[in-house]
Amino acid sequence: MASHGWTEVEDIALVEAWEEVYVNPPRRGQGGLWVRVQQYFAQLRGPNHGRTVDALSSRFRVIRLECKKFENYYKAVENSSEGLSEDDIKAVALINFRHDEGHDFEHVSQWETIRVWI
């Protein structure tokens with residue numbers, strides 16, 4: 001369920017930019033978190049990417065919410081199934097997500113990046 005105008009490449013770049021800034025928070029005088037995310041996003045996508053700070057933070061909230069939902073599915077499978085590999089747990093969680101949510105989970109790589117913080 002990508003938002004209008006956002007590509008998977010942009011979603012991945014956004015999460016990578018957020019992770020970089022989150023792990024290495026800005027020092028005083030470097031701008032706020034989302035200003036720094038926008039700067040790093042520009043390094044990844046080019047200076048003419050056309051995404052405002054508000055657009056980036058809004059899109060990240062959408063991705064994070066979906067990742068949190070998927071994390072709950074993953075944990076439910078992990079807690080109820082012994083002996084499954086991580087890949088098997090993820091596969092079952094993806095099936096359960098699609099069944100319950102009515103659409104595919106489209107942010108697997110983003111989830112793998114930010115899951116330790118959600």
Problem set entry | Considering residues of region 44-90 that are in contact (Cβ under 8 Å) with a residue 40 or more places away in the chain and among the charged types (D, E, K, R) only, the residue surrounded by the fewest Cβ atoms within 10 Å (Cβ to Cβ) | Lys68
Problem set entry | Matching residues, region 62-109, being in a loop (DSSP other than H, G, I, E, B), more than 25 Å from Ala13 (Cβ to Cβ) and of a type in the set (Asp, Glu) | Glu82
Problem set entry | Count - residues of region 72-84 that are at pLDDT 95 or above and among the hydroxyl-bearing types (Ser, Thr, Tyr) | 2
For this session: Go through region 14-38 and give me each residue that's surrounded by fewer than 17 Cβ atoms within 10 Å (Cβ to Cβ) and of a type in the set (S, T, N, Q).
Result: Asn24, Gln30
Exercise. Which of the residues spanning region 95-107 are over 15 Å from Val77 (Cα atoms) and surrounded by 13 or more Cβ atoms within 10 Å (Cβ to Cβ)?
Worked result: Glu101, Phe105, Glu106, His107
For this session: Exactly one condition in (1) within 16 Å of the chain's Cα centre (by Cα); (2) in a loop (DSSP other than H, G, I, E, B) is not met by Arg59; state its number.
Result: (2)
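Restricted to region 91-118, and to residues that are touching a residue at least 40 places away in the same chain (Cβ under 8 Å) and of a type in the set (Val, Ile, Thr), which residue is farthest from Asn24 (Cα to Cα)? Write out each step before concluding.
Keep residues of region 91-118 that are touching a residue at least 40 places away in the same chain (Cβ under 8 Å), which gives 103, 106-107, 109-111, 113-115, 117-118.
So of that shortlist, the ones also of a type in the set (Val, Ile, Thr) come out as 113-114, 118.
On the way: Thr113: 15, Ile114: 14, Ile118: 17 Å.
The selected residue is Ile118.
The values are calculated or read from the model by the stated rules, or taken from the named source; none is laboratory data. Predicted model, so just to flag it, every value in this text is computed and none were measured. Virtual Cβ from ideal backbone geometry, glycine too; neighbours counted across all protein chains shown.
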